[in-house]
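**Student:** Dumping the structure here so I can ask a few things about it.
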Amino acid sequence: MALSLNSRMQAAELSGIRKISNLLDHYPNAINLTVGQPDFPTPTKIKEAAIHAIHSNHTSYTTNAGLLELRQAASDFFANQYGFTYNPQTEIIVTAGASGAMDATFRTILEEGDEIIIPSPIYTGYDALIKLTGATAIHLDTTKTNFIPDPQKLEALITPKTKAVVFNNPSNPTGAVIPNETMDGLVKVLTKHELFIISDEIYSENTFEGTHRSFAQYPEIRDKLFLIHGLSKSHAMTGWRLGFLFAAEKWAKHVLKAHAHNTLCANQPAQHAAICALNDCTEIPKEMNEQYIRRRNLVYHRLTEMGLPTIKPGGAFYMFPSILEFNMTSEQFVLTVLQEADVAFVPGSAFTPLGEGYIRISYAASDDQLEIAMNRLEKWIKNWRENERHIVPDSSLI
Ligand SMILES: Cc1ncc(COP(=O)(O)O)c(C=O)c1O
């Protein structure tokens, strides 16, 4: 038999974000605003907890679900922050990042032919994993509703094939935060239908106004909710690969098999670091948010001055302005600005086709870098407007 690969894996693509960041080697002076991670180092106390764990020889496998002490810390953290509880013995799994929780959840739930609804534009990690299971992602368009999923539009997309709905709140790439009334409306729809809910709340601690509201705060959907979490963003721990899945025991015991057969368990020193992060570093996200809020205001102000239509985001560390005016695809825009102005963004098309016509700007960068990037962009736009306005916009992009 000829050598052949799994056709779904062959068809899969690496993230569109990587395509741009790989190009950056050729632009050594470019300001890189493509990055989807905090620009802060992991706090010293957390690093020391891991170093201590290594010196104490806590370097073996742990139980598949992770150290009970960490599951307890995660349970306590969310109970204190948001008032919902998950049993650390049976309802919490420590995973290799939120990505590990997502993959194990999709593989546990989805089958060939299933449909899964995702408000979009959205983080691309989901589509790739969903396709590998043989299920189909159905994108709920949020571009006409300020990037907030509309409950009626959600209900209109539900078919007998719909297995689940995925939410990401606050959102990557838009920074949108679902208002409480809309959450109530979404939960009403979700309660009416036999659907799983997968809620990726990895940016929960990066909420700038008021407090984050979790889907786990609604007891009426608890029984069908898979809550995905992690410390990558809240505690600047992207490289530690530490995440969590919270789900009712009847589902969690099956997700545990998907997780165990793939990773056995999460990295043990990172688990010790995470115990420290959750128990002793609860102020860290607030300190980072002070910086993000100032940077968000700076970038939002500059983009608005430049006349780029932008919605002021309420969380995460991204902004998603429209670039329709420039009569280019978002990829062409990003490549042109990189070549001509030495600033790197991510094309909106990297976040499902509904992201076409936008770019993602990460403001997880220093004030100085953001100022320089905005100056360069402003100059490029001014020049483009003065010289190229005569081009008739391609209506297929609108
Ligand atoms: C919405 C969203 N979910 C999950 C992840 C991955 O998180 P982790 O690093 O914990 O796997 C990212 C990373 O950018 C993200 O933006």
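The values are calculated or read from the model by the stated rules, or taken from the named source; none is laboratory data. Only a predicted model underlies this, so the values are computations on that prediction, with no experimental measurement involved. Note that each Cβ is placed from the backbone with ideal geometry, even for glycine, and that neighbours are counted across all protein chains shown. Note: accessible area is taken over every heavy atom of the protein model, side chains too, but ligands, DNA and RNA are not part of it. Shrake-Rupley method; radii C 1.70, N 1.55, O 1.52, S 1.80 Å.
**Student:** Only one of PHE333, PHE320 is farther than 30 Å from LYS45 by Cα and in contact with a Pro (Cβ under 6 Å, 6 or more places away or on another chain); which?
**Tutor:** When all the criteria are applied, what remains is PHE320.
**Student:** Inspect all residues belonging to the stretch 281-292 and state whether any of them is among the β-branched types (Val, Ile, Thr), assigned to a loop (DSSP other than H, G, I, E, B), closer than 27 Å to SER120 by Cα and open to solvent by 10 Å² or more (accessible area, probe 1.4 Å). Working first, answer last.
**Tutor:** Going through the stretch 281-292, the residues among the β-branched types (Val, Ile, Thr) turn out to be 282, 284.
Then drop every residue that is not assigned to a loop (DSSP other than H, G, I, E, B), which leaves 282.
Narrowing further to those that are closer than 27 Å to SER120 by Cα: none.
No, that holds for no residue.
**Student:** Would you tally the residues in the stretch 301-328 being closer than 18 Å to PHE208 by Cβ and open to solvent by 60 Å² or more (accessible area, probe 1.4 Å)?
**Tutor:** The total comes to 4.
**Student:** Do we have MET237 as in contact (Cβ under 8 Å) with a residue 40 or more places away in the chain and more than 14 Å from the ligand (Cβ to nearest atom) here?
**Tutor:** Here the answer is no, as MET237 does not meet what is asked.
**Student:** Follow-up. Identify all residues within the stretch 1-32 that are assigned to a loop (DSSP other than H, G, I, E, B) and closer than 30 Å to LEU132 by Cα; write none if there are none.
**Tutor:** So in the stretch 1-32, the residues assigned to a loop (DSSP other than H, G, I, E, B) come out as 1-6, 12-15, 27-30.
Residues satisfying the conditions are MET1, ALA2, LEU3, SER4, LEU5, ASN6, ALA12, GLU13, LEU14, SER15.
**Student:** Can you find, within the stretch 58-74, the residue that is surrounded by the fewest Cβ atoms within 10 Å (Cβ to Cβ) among those that are closer than 15 Å to LEU256 by Cβ and among the β-branched types (Val, Ile, Thr)?
**Tutor:** So the residue we want is THR63.
**Student:** Tell me the residue from ILE138, ILE130, ILE178 that is within 23 Å of GLN217 (Cα to Cα) and either open to solvent by less than 20 Å² (accessible area, probe 1.4 Å) or not small (Gly, Ala, Ser) (or both), please.
**Tutor:** Testing whether each residue is within 23 Å of GLN217 (Cα to Cα) and either open to solvent by less than 20 Å² (accessible area, probe 1.4 Å) or not small (Gly, Ala, Ser) (or both) leaves just ILE178.
**Student:** Name the single residue that is surrounded by the most Cβ atoms within 10 Å (Cβ to Cβ) among those in the stretch 82-99 being in contact (Cβ under 8 Å) with a residue 12 or more places away in the chain and among the polar types (S, T, N, Q).
**Tutor:** Kept after step one, since they are in contact (Cβ under 8 Å) with a residue 12 or more places away in the chain, are these residues of the stretch 82-99: 82-84, 86-99.
Filter again for among the polar types (S, T, N, Q), leaving 87, 89-90, 95, 99.
On the way: ASN87: 14, GLN89: 12, THR90: 16, THR95: 30, SER99: 18.
My answer is THR95.
**Student:** With the checklist (1) touching a residue at least 60 places away in the same chain (Cβ under 8 Å); (2) surrounded by fewer than 22 Cβ atoms within 10 Å (Cβ to Cβ); (3) more than 16 Å from the ligand (Cβ to nearest atom) in hand, flag the one item PHE77 doesn't pass.
**Tutor:** Here PHE77 clears every test but (3).
**Student:** In the stretch 190-226, what count of residues is obtained for those that are crowded, with 17+ Cβ neighbours inside 10 Å and either closer than 25 Å to GLY125 by Cα or within 15 Å of the ligand (Cβ to nearest atom) (or both)?
**Tutor:** Number of matching residues: 25.
**Student:** Under the condition of being within 16 Å of the ligand (Cβ to nearest atom), of a type in the set (S, T, N, Q) and at pLDDT 90 or above, which residue from the stretch 3-37 is farthest from the chain's Cα centre (by Cα)?
**Tutor:** Ranking the qualifying residues of the stretch 3-37, first place goes to ASN32.
**Student:** Here is a follow-up. Looking at the stretch 102-158 only, could you name the residues that are of a type in the set (Val, Ile, Thr), within 14 Å of the ligand (Cβ to nearest atom) and more than 18 Å from LEU186 (Cβ to Cβ)?
**Tutor:** Hits for the stretch 102-158 are THR105, THR124, ILE130.
**Student:** Checking ILE198 against (1) over 25 Å from ALA270 (Cα atoms); (2) touching a strand residue (DSSP E or B) at 6+ places or on another chain (Cβ under 6 Å): exactly one of these is not met. Which one?
**Tutor:** (1)
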